[in-house]
Every structure is written in C-alpha cells, then in structure tokens.
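The values are calculated or read from the model by the stated rules, or taken from the named source; none is laboratory data. Predicted, not measured: the structure shown is a model, and the values here were computed from it. In this analysis, Cβ positions are derived from the backbone assuming ideal geometry, glycine residues included, and neighbour counts consider all displayed protein chains.
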Amino acid sequence: MSRTWTRITATLPSVPPDWSAWDEIFESEGLNGTVQTDKPPTIGGYAYQPESETITRLTERLKEFGAVQIEVAEEPEQDWDAVWKSFFKPRRIGKGWVVRPTWEEFEAQPEDRVLVLDPGQAFGTGDHPTTRMCLALMEGVDFSGKDVIDVGCGSGILSVGAVMLGAARVRGNDVEKASVETAEENAARNGVDVEFFTGKGFEPYEDGVQADIVLSNIISAALIHLSPDAAAVVRPGGTWLVSGIIDQNWPDVLTAAERVGFVLQAQEQEDQWIAARFLR
C-alpha cells in the first residue's frame, strides 16, 4: 500500500536571484530537497504526515517572506527518480552539442559533440537556460591547448565540454561535495580527464593560479564578488564566461566586470536569464 505525502508549494511574485533563502525556510520545518520552477515561479517541498502546526508555521513564514499563494495538497507516493528521468531527454544545444542522459539512447551524427550525463544531485543537465547559453557561448571560443578553470562546476557539464573543445588542462570546483563526486563520474563516463576540487571561488587553487579561460555558471552576487579574483586569474587576452544572471542583476554584473578590466564580447538572453563572454 502506497503512502500519501503532503506537498506544500509557494508561488512567488518573481524568480529570485538566489533560491537559498527560500530553501532554508522549507528545511527549517523538515522539508528537504525543494523543487523550483521559473514559469510560474514556484518552490515546493514534500513531507510525510507532517504535524498541522508544521504546515501552519511553514505557510505563515512563506507568506511573510513574500509568497503570493500557498498550495497544500496530498499526493500518493511515486518513484520520484523515475518521474524525473522521464523528463530528461537528449537535447541539442547550440551548433553541435547534444546532451544525453545515461539512460537514453541517441543516434549521433558525425559532427555531434555528445555529452553523456547523470546529474545526480548536481546542477547542470542542459535543461536550464543558464547551462544551454554557456555551452552555446563556448562554441565561439578557441579552447585548443588552453588552461581552463570551471568555478561552480555542478554536474561537470561545462568542464567536460571544455575538454571536448580541445582544452589541454581543465580544473573545476564546487562548494558541494556531492556535485564534485558527480562531476568526477561524468568526466569518467565521457572518457575525459578533469581535476575536480571542493571549495568556493578560486580558493581550492594555488596562490597566483592563472588560466586562459574561466567558466562561472553561478549566481549574480557570487559573480560580482568573484570579479576581482577572476581578473587576476584570467590571463591577458583570455576569456571569462559567466552565466546564472537574472536580467535585473545584469547591469551590476556588467559594471563589476568592466571595473576590473573585462570587455564584453558577447551576450545571450533566454527568458529572464543572461549569459555573457568577457575578454580580459
């Protein structure tokens, strides 16, 4: 007999630049592993037989934080992993990328660059605009023989892509240990060599580290904070490719990058998300 879960979903007035504060509200009431959507902007979590006081507290806190609508519904237990996998299908991105989950077959064309992924708990499947735009912008960069650092590597999708484009050395890092482990597994299943580390920003690397290309698909606030360090790491003539930017935060990210010497080369926008490529 299947169990019944309680789903609590909050509709927000707009997509937040950082979901972490909303995540913390759910986690504080014992609902871990939230699910977010952009259209409409919602965040939700599941609890098994929660106390009525828990639902009341969570609802009140979400409203106080700015939620415009709260939905509480009962749902029968499902194989959530199977449900999620049913939505992750092979996807063409840019001019030559194909992102294929490990559980799906795909007949590739000779010109295709196929990224085989199992994202696990890490961000980066190619289904999100920020990742898609990164891969598309990477096609306009010469990676041949270059030294690359991927800050906020998530599933490792961009790191693996950099090797496929000809990079000589690729290093990546993420604050989440689970993401680093997933990235290592994805590099192995694609047959490429990438060095992965756990840590924030450029902290995992030696003092004075430099690279020809830095990839940063992270939130706007982190990009702004990281810009002086990125300017020191990216060699003259090198590239800083950034994504994860909500359009309303783009002027602040652009100003921060230009202030430390970067010059905007290219910009992409999909829905409310922006990605850009800067020249050092």
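Within the stretch 15-35, residues that are of a type in the set (A, V, I, L, M, F, W, C) have Cβ atoms under 9 Å from residues that are part of a helix (DSSP H, G or I) and surrounded by fewer than 20 Cβ atoms within 10 Å (Cβ to Cβ) in these pairs: Ala21/Phe65; Trp22/Phe65; Ile25/Arg61; Ile25/Phe65; Leu31/Thr54, counting only partners at least 6 apart in sequence or on another chain. Put simply, of Phe196, Phe143 the only residue that is assigned by TED's automatic domain parsing to the domain that holds Asp271, closer than 22 Å to Asp112 by Cα and among the aromatic types (Phe, Trp, Tyr) is Phe143. Exactly one residue out of Gly191, Gly154, Gly201 is surrounded by fewer than 24 Cβ atoms within 10 Å (Cβ to Cβ), within 16 Å of the chain's Cα centre (by Cα), outside any strand (DSSP E or B) and among the small types (Gly, Ala, Ser): that is Gly201. Here is the figure for the stretch 204-232: residues that are of a type in the set (A, V, I, L, M), in a strand (DSSP E or B) and within 13 Å of the chain's Cα centre (by Cα) total 1. Consider Gly237 carefully, then state whether it is closer than 22 Å to Ala136 by Cα and in contact (Cβ under 8 Å) with a residue 12 or more places away in the chain. So Gly237 passes the test.
Reported count of residues in the stretch 187-234, each being without any contact (Cβ under 8 Å) to a residue 40 or more places away in the chain and of a type in the set (S, T, N, Q), is 2. Exactly one residue out of Ala122, Ala167 is assigned to a loop (DSSP other than H, G, I, E, B), surrounded by 14 or more Cβ atoms within 10 Å (Cβ to Cβ), modelled with pLDDT of 95 or more and not polar (S, T, N, Q): that is Ala167.
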